[in-house]
Structures are given as C-alpha cells and as structure tokens.
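A short worksheet on the structure shown next.
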Amino acid sequence: MVIAVPVTDEDQVIGTVEALVSLRRITEIIREEGKGDVAAFMVDRNGKVLIHSEPSVDVQRPDFSNLKIVQEFSKAPARLTDVLR
C-alpha cells in the first residue's frame, strides 16, 4: 500500500511524504483474529473491505459502509469491536 501525505507551508502544498507499507503482517493478524464465529476486517475510508479474515471476502471487496461499527469508526478513528448479527 502506498501512503502519501501532503507537506504544507501556510496552506500551500510544498511537497509530499510518501511511504510504501506492506500489509502482510496486518493480514496475518486479521486472519488469526477472525476465526470461528469472529470476523475481523480492515476497510478503506469509503467502507470498502481491504482485508477480511475470510480470504474469499477480500476478492469481492464488499461495501461495509452501512455497518454501525464502520460508521462509528469513520466519525472517531480508534480500535472498535462490535458484535455483528
């Protein structure tokens, strides 16, 4: 994954800081945490699944923006856990 953040000076963009980040370890953790009746996932800012504990869901890239936990996270990013029914 590529992450880029603008560098500004008095509201003018003067450059960017970029990073190439491997999600391999995060994927491993999500797969480990999501077992049995537990689902673990990571979504992008639009609620689209990037990584899911069930690998077949990754390929489908479903939209989870309607889930309460995703909506709450978008308002105040933090580690959130919820029971999905």
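The values are calculated or read from the model by the stated rules, or taken from the named source; none is laboratory data. Nothing here was measured: the structure is a model prediction, and the numbers come from that model. Accessible surface is based on the protein model in full, side chains and every heavy atom, while ligands, DNA and RNA are left aside. Shrake-Rupley method; radii C 1.70, N 1.55, O 1.52, S 1.80 Å.
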### Query
Taking only DSSP H segments of four or more residues, each worth -39500 (n - 2.57), what value at 222 nm results for the chain once the sum is divided by all its residues, to the nearest 500 deg cm²/dmol?
-7500 deg cm²/dmol
### Task
Using every Cα-Cα pair within the chain, state what percent have a distance larger than 22 Å.
37
### Task
Please give every one of the lysines within straight-line cross-link reach of LYS35, meaning a C-alpha to C-alpha distance under 22 Å, and leave out same-chain neighbours fewer than 8 residues apart.
LYS48, LYS68
### Message
Once neighbouring chains are kept in place and the probe is 1.4 Å, which whole percent of the accessible area of region 5-52 is contributed by carbon and sulfur?
### Response
50
